[in-house]
Amino acid sequence: MKIVITGGTGFLGRPLAAALAAQGHEVVVLSRFAGGTYQGVRHQRAQIQADAFDQDAAATIASADAVINLSGATIGQRWTAARRREIVASRVGLTAQLARAVAAAC
């Protein structure tokens, strides 16, 4: 099974991606950072352009059997009103973009 993970370099994403790869799944982590392979997990640089993923990331999402979204601003800090807005915005915006990418692939 091909599984695409956003937020795959974070606290939960890193062990999840490694565990899925160890089970024999093809795991691709979409990240703001440079690509490469680590512990059997392929990391692909993805950029968001005009509220949509770049062409390579969109093609990766379209070819996936499953998409897991763990991206967003870290929650391990004091939750001020401004921080709360940042956390919500970072999760809602990317989730909407992922939903559009998955819908376009169907």
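Tabulated results
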| quantity | calculated |
| --- | --- |
| Placed amide H near Y38: partners under 5 Å, 5+ positions off or other chain | H43 |
| FRET efficiency, Q55 to R78 (Cβ-Cβ, R0 35 Å, nearest 0.05) | 0.35 |
| Under-5 Å amide H pairs with V27, H placed in peptide plane, nonlocal only | I3, R42 |
| Efficiency of FRET from Cβ geometry, Q23 and R100, R₀ 35 Å, rounded to 0.05 | 0.75 |
| Dipole of the chain, positive direction: furthest Cα of G24, A96, F53, with charges on the beta-carbon | A96 |
| Cα-based convex hull volume of the chain per residue, rounded to whole Å³ | 92 |
| Electrostatic dipole magnitude of region 18-106 [Cβ: Lys, Arg +1; Asp, Glu -1; Cα centre; debye, to 20] | 500 |
| Kirkwood Rh in Å, taken over region 56-106 so that all alpha-carbon pairs contribute | 12.2 |
| Using θ = phi - 60° and Karplus 6.51 cos²θ - 1.76 cosθ + 1.60, couplings along region 2-12 (whole Hz; Gly, Pro as x) | 9, 10, 9, 10, 9, x, x, 9, x, 4, 8 |
| Crossing angle, helix 81-105 versus the chain [Cα axis fit, 0-90 degrees, rounded to tens] | 30 |
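We did not get these values from a lab; they are worked out from the coordinates using the rules stated. Just so it is clear, the model here is predicted, and its values are computed rather than measured. Here the Cβ is made from the backbone with ideal geometry for all residues, glycine too, and neighbour counts use every protein chain on show.
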